[in-house]
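Here's the structure we're looking at; comments come further down.
What follows is calculated from the coordinates using simple rules that are stated; it is not laboratory data. Everything numeric here is computed off the predicted structure, so don't read it as measured data. Glycine gets a Cβ as well: all are built from the backbone with ideal geometry, and neighbour counts include every protein chain shown.
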């Protein structure tokens, strides 16, 4: 750990989550460097974490053993252009949506590229990130990426880069599906005479508890659902209504739509 130097290109929410996790894991602030053109965010990073934050890339990036790409995908080409002279010897880790590894290879000159698709629960250490590594990435470097991302939550490797489009659709976008469902539950709570805050607490606690139960159980989600669903009971009435509205098919169509859009974005941004 003492020999590692990690440079972040972009200092937004995901980079901040990783930086905070690394510091809690024992990294020194002096091992971390951030390139962040936006002055308020740059000052926030320096004040909150004590890391060095630059407005623009300079030769100091040549010391980085890992470069974490965390800019918005539409800003990638602009951000990468001034860095190629300095970052080619480093392991490249991208947390950008839509940017394929071919584009990172072309931008950095390095074949040692890992692409990650995290999700927003990473901000509280409860995320899961899908990971894909190009063949040039060693087993030791894969392990280093896992250590780097460990403070943000779980990791899951896929063997094909195209599988990250499915990861994006399922877990990357998944928190939004969850909150969409919670919004509907809260609206129903108000329809039944509860307050919005009561609906919020009941819906979020119920969903969090159900997720924890699912993770702790060896039984399938279908079995766990059936255990709550007594024929002729309240849950049976609700599930029957959802099935009559073909909610399960609608969810599958929605996730597949997200996968198709992820593939389109990859083509749009090149690589």
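Listing for the model above:
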| read-out | value |
| --- | --- |
| Potential lengthening between residue 139 and residue 56 on full extension [0.36 nm per residue; Cα-Cα distance subtracted] | 26.7 nm |
| Structure-based [θ]222 nm, the chain - -39500 (n - 2.57) summed over DSSP H runs of at least 4, per residue, nearest 500 | -15500 deg cm²/dmol |
| Distance (nanometres) between label positions extended 7 Å along Cα→Cβ at residue 185 and residue 212 | 1.4 |
| Shape call, the chain: gyration tensor on alpha carbons, a/c limit 1.5 | prolate |
| Extent along principal axes [Cα atoms of the range 102-208; Å; largest to smallest] | 60, 23, 21 |
| Pairwise FRET efficiency - residue 162 versus residue 240, Cβ, R0 = 41 Å, nearest 0.05 | 0.65 |
| Cut-off 11 Å (backbone N to label point 7 Å along Cα→Cβ of residue 223), residues of the range 193-217 | 217 |
| Alpha-carbon Rg/Rh ratio, for the range 174-265, with Rh computed the Kirkwood way | 1.00 |
| In degrees, nearest ten, helix 13-24 long axis to first principal axis of the chain (Cα) | 80 |
| Relative compactness, the range 6-165, computed as alpha-carbon Rg over 2.2 N^0.38 Å | 0.94 |
| Cα extents of the range 1-92 along the three principal axes, largest first (Å) | 32, 29, 19 |
| Cα centroid of the range 167-199 to Cα centroid of the range 29-58, whole Å | 36 |
| Using alpha-carbon coordinates, inclination of helix 39-49 to the longest axis of the chain, degrees | 80 |
| Ranked 86, 69, criterion: other C-beta atoms within 10 Å, fewest first | 86, 69 |
| Beta bridges by DSSP in the chain, antiparallel share as percent, to the nearest 5 | 15 |
| Nearest 10 degrees, 0 to 90: helix 174-191 Cα axis against the chain principal axis | 40 |
| For the range 127-179: rounded, prolate or oblate by the Cα gyration tensor [a/c cutoff 1.5] | oblate |
